[in-house]
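Heads up, the thing below is written out as structure tokens.
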Ligand SMILES: [Zn+2]
Ligand SMILES: [Zn+2]
């Protein structure tokens, strides 16, 4: 086994697995202020170029005005870079009035932001999640359909138990990937330890491949997060480990059960796979991400037509993670039309917020 010269690797691994599991444990209590911040390992460019994330090559969307809505973002509670509070502050500074925090498989960030004693937020927060559901028999390039759950109830115990199972699967997968990397000669154990020391102890954290990619960059095994993904971590590459967890129908029904609106994220193939989206709509899909930051004009229009034909609520967002840019930079290329945000607020039963935004705009 090349490149692994630690004195007691088994003991190290046991300790790390314990930390990983501890991090993934759901906890309704907010994390202690100040104890969770850290720099961790980051760097490199992030463009998760696989399947439905593929960069579009048509005309870029030029925002007609600064977006007041961002309905798809990630914090450090899953695979983003920023602490939830910092994300909120930066979004508000960029002019966002309604922000959905949609970390993968965890509501930890939203709970922290809305915990008793936390000062009022400078914007309206929508508690959300993103569930990477398994779609193995659907002939999709990445084998996954990502479902956003917007406006879910953060106090729903059944939903939290479902998310906890998802996080448990993530821990197992994370460990399998780092095991495989070690065998391949790319040990990242030290970098993972550093990452866990800086933020992995936060209850309810959700581990994934982007964190491993950042560790590979920090260890000098990859030039960027994208490089690590492309050469090692995506499907078909040597350190790829298949995901386990919910299928699309289960994800949709879990989100509905928690009172949220399930919206199909960044599915650029929506028009080509119209029948698939139609099937999902028939089993409870309520929205589809039309104004996705990485869609070009043509893709945006084609997904918008699908939303119209299937009467799905259009949603839109930046999918901000923070590897390569500040929030302000991401926001400058995001266009979520006001009417899209207003309709979403109505769909979530937050008409009062929509009316107050309308009043402040006029
Ligand atoms: Zn996604
Ligand atoms: Zn996302």
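Readers should treat all values here as calculations from the given coordinates under stated rules, not as data from a laboratory. None of these values were measured; they are calculated from a predicted model. Don't worry about glycine lacking a Cβ; one is built from the backbone with ideal geometry, like all the others, and counts go over all protein chains shown.
Tell me, how many Å apart are the Cα centres for the stretch 170-234 and for the stretch 244-323? The stretch 170-234 and the stretch 244-323 have Cα centres spaced 28 Å from each other. Stokes-Einstein diffusion for the chain, with the hydrodynamic radius set to the Kirkwood value over Cα pairs and evaluated at 10 °C in a medium of 1.306 mPa s, equals 77 µm²/s.
Over the Cα atoms of the stretch 303-362, Rg to Rh with Kirkwood Rh, two decimal places?
1.05
Tell me the angle of helix 157-184 to the major Cα principal axis of the chain, expressed in degrees between 0 and 90 and rounded to the nearest ten. Approximately 40 degrees, to the nearest ten.
For the chain, a Gaussian network of Cα nodes joined below 10 Å ranks 306, 118, 152 by mean-square fluctuation, and the top entry is 118.
Comparing 210, 116, 238 in a Gaussian network model of the chain, where Cα atoms under 10 Å apart are tied by springs, the biggest mean-square fluctuation is seen for 116.
Give me 303, 171 ranked fewest to most by other Cβ atoms within 10 Å of their Cβ, as a rough exposure proxy.
Fewest-to-most Cβ neighbours within 10 Å comes out as 171, 303.
When DSSP beta bridges are restricted to pairs lying wholly in the chain, around 40% turn out antiparallel.
Semi-axes of the equivalent ellipsoid of the stretch 209-319 are 31, 18, 13 Å, computed as sqrt(5λ) over the eigenvalues of the C-alpha gyration tensor in descending order.
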